[in-house]
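Here's the structure we're looking at; comments come further down.
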Amino acid sequence: MKNWESDIWRYLASELMGTELESFEQALKDDPILADKYESAQRLKRNLKDFPRLSPNEGFANRVMQKLPAGLNRNLWVQKLNRKPAWYFLGGAVLLVVVTLSIGWPQGSAASSDMDWTQIWQWSTQLPLSFVCLISAVFVLLLIDRVVTR
Amino acid sequence: MTTDDQIIRNIISGEQHAFRVLVNEYEDLVFTMCYRILAHRHLAEEAAQDVFVKVYRKLHLFDQRSSLKTWIYRIAYRTAIDHQRKKRVRTIELEKAPMVADSQDDAQVLMERSDEQQRIRRGLAQLKTIDATLINLYYMEGQSMEEISEITKLSKSNVKVRLHRARHKLAEILSRKQMEAT
């Protein structure tokens, strides 16, 4: 038994008896009634420890097996579809967005310092498409996660 | 490799028998946890079935940071609490439970009803669900502070404090009842 746990029980018993812990130790030796009450506290602890576990009704395992999702092999593909590939998927989507945006970025002479706002505006028209790609990827990812963890 | 590891591997590789082994191994533990929270045999069995379906569905996510037993306890605790909310079960019903067993109860419940244990059981029913669960896990199931913290998602120090208070409260209830009886 851990010390602090023992202390708490002694303290609890002393508190119930209305005495201080220090005097309780001595009183325990001198007072048979107190010792008896302390023993009942200890008995409570033992009783808690000895509480029996209960069993469900007969055939519980069969009822559980009937409730399982169809086909135990489902676990196989679920396992393959664990979180790692999902993160690869998200990484791929982010990469796609970056590539889409960089392809559209004005190249060569167009990318010179005199690049005007019209060119930047044209480039920015690709942004919604990229964000749609990204949001779709996140949505699919969440869907996969939900299926896996359902 | 531990037996649990082997069982998990077998289940994931699609062996139907392996999951039945797991259910047989943990059914008493899960059912008892659900019963202590729901205080109703039929509801406890329903919740226990849900627990195993969840275990089955999530087993591939079990990362072995804790033991399988602790992980199953956590699912059982959360499921039983959810059922308690849905069904609006009041654990205080235990307090009103008749001294004589009803037809639903089996020999084990009767066994549990030794004088002292029955008194404790009724005392526990007067505690908050979380407090009764802490006492159940620590004393009746012998779980460590770390494991209880993992199961209930309370910090270790919070578990210690709450357990202390729960014990104190239980002792108070029991001594009050004893005084009433005498």
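The values are calculated or read from the model by the stated rules, or taken from the named source; none is laboratory data. Please read these numbers as outputs of a predicted model, since none were measured by experiment. All Cβ positions, glycine included, derive from the backbone under ideal geometry; neighbour counts span all protein chains shown. When the accessible area is computed, the model is the full protein with side chains, heavy atoms only, and any ligands, DNA or RNA have been set aside. Shrake-Rupley method; radii C 1.70, N 1.55, O 1.52, S 1.80 Å.
Is there a pair in B:LYS58/B:LYS153; B:LYS54/B:LYS87; B:LYS54/B:LYS128; A:LYS45/B:LYS87 whose C-alpha atoms are over 23 Å apart, and which pairs would that be?
In this structure, B:LYS54/B:LYS128; A:LYS45/B:LYS87 exceed 23 Å between Cα atoms.
Just tell me how shielded A:59-69 is by partners: mean number of partner chain Cβ atoms within 10 Å of each residue's Cβ, no decimals. Don't skip to the answer; put the middle values down first.
Details: counts 0, 10, 8, 2, 6, 15, 6, 1, 5, 7, 3.
Per residue, the average neighbour count from other chains is 6.
Nearest 100 Å² is fine: how much accessible area is buried between A and B, summed over both sides, with a 1.4 Å probe?
The contact between B and A buries close to 4800 Å².
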